[in-house]
Structures are given as structure tokens and as C-alpha cells.
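To keep things clear, I will list the structure first and then write my remarks on it.
The values are calculated or read from the model by the stated rules, or taken from the named source; none is laboratory data. Every value quoted in this text rests on a predicted model; they were computed, and no experiment measured them. All Cβ positions, glycine included, derive from the backbone under ideal geometry; neighbour counts span all protein chains shown.
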Amino acid sequence: MIKFIVDENALTNGSHLIHNGTQGCVDMPQFDQQILIGYFANFELAYKRARMSWPTEKVVGCDKCCSQS
């Protein structure tokens, strides 16, 4: 299972980035700015959970550590 987190700070376009917390990422937010989404088999499942948890926020996968295909 892969640990996924979301950055609590939005980008300038209003999106919150989802990161692969198991793999790590150069753009990973500081620990106190991370919100745990959970442990999932892939990005798609983590994205669905993030959308359910934050339906009014725009969340997207990080291009560097999350595969959206």
C-alpha cells in the first residue's frame, strides 16, 4: 500500500497537490502542512478518497510523484 498526502496549502490556481508519501517528492510540503489521505494501492483510489473528503476543494496529483494514468 502507498501512503498519500495532500498539501494543505493551495497553489496559486487554488489546487491542492496530492503526493506519494511513500516514494517521497522534491515538492513534498513540510510535515505540519501535510494532510494524510490514507494508504491505497494506487493514485486513482487516493484521488477518489480526497474528492470524497474535500468535495469543494480542487485536488490534483503531483506531476513528479503521482501517476494519473
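All conditions in (1) modelled with pLDDT under 95; (2) surrounded by 12 or more Cβ atoms within 10 Å (Cβ to Cβ) hold for Asp63, with the sole exception of (2). Per the conditions (1) at pLDDT 95 or above; (2) closer than 18 Å to Lys64 by Cβ, the sole criterion not satisfied by Ile35 is (2).
Out of everything in the range 28-54 that is closer than 16 Å to Asn9 by Cα and exposed (fewer than 12 other Cβ atoms within 10 Å of the Cβ), what residue ends up being nearest to the chain's Cα centre (by Cα)? For the range 28-54, the residue satisfying everything is Leu36. Tallying residues that are of a type in the set (Ser, Thr, Tyr), over 20 Å from Met1 (Cβ atoms) and touching a helix residue (DSSP H, G or I) at 6+ places or on another chain (Cβ under 9 Å) within the range 47-69 yields 0. The number of residues in the range 55-69 being more than 16 Å from Glu8 (Cβ to Cβ) and hydrophobic (A, V, I, L, M, F, W, C) comes to 2.
For the range 1-46, the candidate set comprises residues that are in contact with a helix residue (DSSP H, G or I) (Cβ under 8 Å, 6 or more places away or on another chain) and acidic (Asp, Glu); within that set, the residue that is nearest to Asp63 (Cα to Cα) is Asp7.
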